[in-house]
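Everything below concerns the one structure shown next.
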Amino acid sequence: MTDAAARDACARRALDLVDEATIVADASSLILAASENPGGTELVAVRVLEAIASRLGARTRRTMAAPDRPNLSIRFGPEPTRERPGVLMLGHSDVVPAGSGWSADPFNPRVEGGWLTGRGAVDMKGGIAAALQAMGAVSAVCPELPLELLVTADEEDLATGIQAHLAADDEDPHRYLACIVAEPTDLAVVVACRGAANLEVEVAGRAAHAGRPEDGASAITTAAHVAAWIADDHRRMREGASGLLGSATWSVGRIEGGHGTSIVPDRCTLLVDRRLMPDETGADALAQLDAGIAHVLDDESRQAAPGAACCTARTRLLMEMPGFETDPTHPLVTSAVGALAAEGVAAPVEAWTAACEGGFVARHHGCPTIILGPGDITGQAHQPDERVLVSHLSTAARAYTRMLVGLQHEPAH
């Protein structure tokens, strides 16, 4: 039998094992395991994942990112090596807080009119359930293929899970030939994703009576000048936007400071979002911000009266999530498009405006990475009555099945 014939036979037999009702049941079990972040509640979802993995015949390994916050590796087939690399699928067990506005209990999953509703249905317990169904089906008929699903903790906040996992990784980093992130893309094939850096600016001034503000140094005024510099630099970057990802961006998400109306504020804090291009790091963004703040402080110093107090500022990098970009002609991308086409889905090849943990994998393992998953991240995730089409879950599982088989029968490249 030729490689192509073996691949097609494996795929056909695996597709026969993909069961929509089981995907919905597994996704529902994961939704019931309320794992809101913050709260360190991922353990309850990991226990459910371990039960599903055991049913499918997979091996599991927990590693702790923090107390009661485990990452979980689920492996099928032989261990991946440089000589026989595997396919890595990536997900996260935490969900954003349910919040208010739900029409029913957010952690009581329900299926109505072809939709599965519950917190995490889209982001991303539905995608994890679809991935596990595909991996179990492929492994059942082609047990020689090395497959892994990594489910991280704390993705929705500081990405401590993926960072702890990679820091402790003592295996050959080149053991994967591809990574598929099962985040919701509305079944589009996302080949490029900007990273993200969360930055903090602490401005220190001098308090004074508001009747003589010149005796003090207003931290809020200086912070406002920093925010104006950020807005100007954002416009500059957007004017030079090109390609799938466009450009990096700045956004001030929060400003807090001062003590009262009649006091010149001696402190003010800015929280800043910086979206990173794939070749940028959080340290790069921090250095750029530091240079901008130095420019602002120099301007204020030149304009101040002789002997007047001036503000100072400190910056911190709170979180970094790297971006990635995969060549749209890479076999990983063409495999994804072809798998979806076989399921009757004309999948566009796109860039993502959000960030995900795929950039960590692409950087550490040096493997091509895409994002492909059921549900719409902008229209359905992080909202009351979060829901995903059951048909999306099934289509995603079947597409993953075709890809997991096809990628490991591709000629070396």
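The values are calculated or read from the model by the stated rules, or taken from the named source; none is laboratory data. All figures in this text were calculated on a predicted structure; none of them were measured in a lab. Reconstructed Cβ throughout: ideal geometry from the backbone, glycine too, with neighbour counts over all protein chains shown.
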Practice problem: State which residue is nearest to Arg387 (Cα to Cα) when the search covers only segment 6-24 and only residues that are under 28 Å from the mean Cα position of the chain (by Cα) and surrounded by fewer than 16 Cβ atoms within 10 Å (Cβ to Cβ). | Solution: Ala21
Quiz prompt | Tally of residues being under 16 Å from the mean Cα position of the chain (by Cα) and either outside any loop (DSSP other than H, G, I, E, B) or surrounded by fewer than 21 Cβ atoms within 10 Å (Cβ to Cβ) (or both) across segment 357-367 | solution = 7
Quiz item: Got at least one residue in segment 371-388 being part of a loop (DSSP other than H, G, I, E, B), over 27 Å from Ala168 (Cβ atoms), in contact with a strand residue (DSSP E or B) (Cβ under 8 Å, 6 or more places away or on another chain) and polar (S, T, N, Q)?
Solution: yes
Quiz prompt | Long-range neighbours under 7 Å by Cβ, at least six apart or interchain, first residue assigned by TED's automatic domain parsing to the domain that holds Leu389 and more than 16 Å from Tyr400 (Cβ to Cβ) within segment 17-37, second small (Gly, Ala, Ser) and assigned to a loop (DSSP other than H, G, I, E, B) | solution = Leu30/Gly120; Ile31/Gly118; Ile31/Gly120; Ser35/Ser93; Glu36/Ala98
Quiz item: Can you spot a residue in segment 215-230 that is within 21 Å of the chain's Cα centre (by Cα) and assigned by TED's automatic domain parsing to the domain that holds Ala304?
Solution: no
Self-check item: Residue count for segment 286-337, restricted to those that are part of a helix (DSSP H, G or I) and more than 20 Å from Pro368 (Cα to Cα)
Solution: 18
Exercise. Evaluate the following for Leu404: is it aliphatic (A, V, I, L, M), touching a residue at least 40 places away in the same chain (Cβ under 8 Å) and surrounded by 22 or more Cβ atoms within 10 Å (Cβ to Cβ)?
Key: yes
Quiz prompt | Matching residues in segment 261-285 - criterion: being under 21 Å from Ala241 (Cα atoms) and assigned to a helix (DSSP H, G or I) | solution = Gly282, Asp284, Ala285
Quiz item: Which one is farthest from Phe76 (Cα to Cα), of the residues in segment 49-65 that are in contact with a helix residue (DSSP H, G or I) (Cβ under 6 Å, 6 or more places away or on another chain) and part of a strand (DSSP E or B)?
Solution: Ala65
Exercise. Go through segment 66-77 residue by residue and tally those that are in a loop (DSSP other than H, G, I, E, B) and either modelled with pLDDT of 95 or more or buried (at least 18 other Cβ atoms within 10 Å of the Cβ) (or both).
Key: 1
Practice problem: Would you please name the residue that is surrounded by the fewest Cβ atoms within 10 Å (Cβ to Cβ), looking only at residues in segment 116-153 that are closer than 22 Å to Pro384 by Cα and of a type outside the set (Gly, Ala, Ser)? | Solution: Thr117
Exercise. Consider only pairs whose beta carbons are under 6 Å apart and that are at least six residues apart or on different chains; among these, list those whose first residue lies in segment 211-240 and is aromatic (Phe, Trp, Tyr) and whose second residue is at pLDDT 95 or above.
Key: Trp229/Gly292; Trp229/Val296
Self-check item: Matching residues, segment 375-389, being touching a helix residue (DSSP H, G or I) at 6+ places or on another chain (Cβ under 8 Å), buried (at least 21 other Cβ atoms within 10 Å of the Cβ) and farther than 9 Å from Pro184 by Cβ
Solution: Glu386, Arg387
Exercise. Taking Ala354 as the residue in question, decide whether it is within 20 Å of the chain's Cα centre (by Cα), assigned by TED's automatic domain parsing to the domain that holds Thr81, buried (at least 17 other Cβ atoms within 10 Å of the Cβ) and touching a residue at least 24 places away in the same chain (Cβ under 8 Å).
Key: yes
Quiz item: In segment 78-115, how many are assigned to a strand (DSSP E or B), of a type in the set (D, E, K, R) and surrounded by 12 or more Cβ atoms within 10 Å (Cβ to Cβ)?
Solution: 1
Quiz item: Quick one: is Arg62 more than 17 Å from Val138 (Cβ to Cβ), at pLDDT 95 or above, surrounded by fewer than 21 Cβ atoms within 10 Å (Cβ to Cβ) and touching a Leu at 6+ places or on another chain (Cβ under 8 Å)?
Solution: yes
Quiz item: Cys268 is checked against (1) touching a residue at least 24 places away in the same chain (Cβ under 8 Å); (2) out of contact with any Gly (no Cβ under 6 Å at 6 or more places or on another chain) and fails just one. What number does that condition carry?
Solution: (2)
Practice problem: Within segment 231-239, identify whether any single residue is under 26 Å from the mean Cα position of the chain (by Cα) and under 17 Å from Asp299 (Cβ atoms), and answer yes or no. | Solution: yes
Exercise. Have a look at Leu56, Leu72, Leu43 and point out the one that is in the same structural domain as Ala159 (by TED's automatic domain parsing), touching a strand residue (DSSP E or B) at 6+ places or on another chain (Cβ under 8 Å) and either free of Cβ contacts under 8 Å to residues at least 60 places away in the same chain or on the phi > 0 side of the Ramachandran plot (or both).
Key: Leu43
